[in-house]
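These notes are about the structure you will find just below.
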Amino acid sequence: MSDSGKVVLITGGGSGMGREAARRFAEAGSRVALFDVNAAGMAETGEGFDSVHGWTVDITDFDAVRNAVQAVEAKMGPIDRLYNCAAIMPFGKLVEQDNGIIHKQMAINYGGLVNITQAVLPGMLKRGKGDFVSFASMAGIIPMLMTGAYTATKFAVRAFTETLYHEHLNSGIRFACVCPPAVSTPLLQQGRDTAWPKMLDSAGPPIEPQVVIDAIEACLAKGKFFVYPTRDAKIGAFMRRLFPGLIWKQVHQVEGF
């Protein structure tokens, strides 16, 4: 990863995937801006790096997002790369899950992507260059029992990002939609603390964040839009297209209902 002097904006930079990406980019010489509601987490992310700066931003508030983007560019320069990592992931059966939590997931996971897109992408398009990376999930391809609300947000992220990519072909912007399996980050704990599907355990241990980032960089370099960080993720996407009923049969067998 060689990004010396570039400006990178990362939402959800206070932990998990956002933290891993921020440190990787800072080590490579980038200037990194973090957006999160977790100020303490952003401070931890930036420890040891003078080039990492945090803005406490509610990603669901478009005016706040737009103002913070303007502040980033005034302080650090035009944004060269966006990593939209902000998300929450509580699980539960759809009829039983708290109504407000279901709507909150959509507001953060999908609405946050809409907000950061409209705040950042116009500048990239005007300059004719930039990298735009949004995080969907294998959950945005393969739904499972007890993950319906989260899965719906990731289906939305995938559809939004794919349409965005096709609306701006040949614009000079490199787009990537990342579809990882479970990743070893604090986000997983939200699922474990609510309603953890057996299917996620049957899929094997979570992968490490650096595996995902390596895959993103490789796909951007090759001009590949969808990023499947593992062989199993690629197979899962293929199976979902061809044999959706078979996948649901397996889900019911594993979960037992």
Is it the case that some residue within the stretch 122-133 is buried (at least 16 other Cβ atoms within 10 Å of the Cβ), in contact with a Phe, Trp or Tyr (Cβ under 8 Å, 6 or more places away or on another chain) and closer than 19 Å to Thr185 by Cα? yes
Just for the stretch 117-174: of the residues that are over 22 Å from Phe35 (Cβ atoms) and of a type in the set (Gly, Ala, Ser), which one is nearest to the chain's Cα centre (by Cα)? Ala139
Among the residues of the stretch 23-53 satisfying the criterion of being of a type in the set (Gly, Ala, Ser) and in contact with a Phe, Trp or Tyr (Cβ under 8 Å, 6 or more places away or on another chain), which is farthest from Ala119 (Cα to Cα)? Ala26
When you check Tyr150 against the structure, is it assigned to a strand (DSSP E or B) and either crowded, with 22+ Cβ neighbours inside 10 Å or in contact with an Asp or Glu (Cβ under 9 Å, 6 or more places away or on another chain) (or both), yes or no? no
I need a count of the residues in the stretch 71-94 that are assigned to a loop (DSSP other than H, G, I, E, B) and not small (Gly, Ala, Ser). 10
Members of the stretch 31-65 found to be part of a helix (DSSP H, G or I) and either within 15 Å of Tyr83 (Cβ to Cβ) or of a type outside the set (A, V, I, L, M, F, W, C) (or both), listed by number: Gly41, Met42, Glu44, Thr45, Asp63, Val65
Flag for Gly12 being at positive phi and surrounded by 24 or more Cβ atoms within 10 Å (Cβ to Cβ): yes
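Coordinate-derived values only; no laboratory data. In this text the structure is predicted, and so the values were computed from the model without any measurement. In this analysis, Cβ positions are derived from the backbone assuming ideal geometry, glycine residues included, and neighbour counts consider all displayed protein chains.
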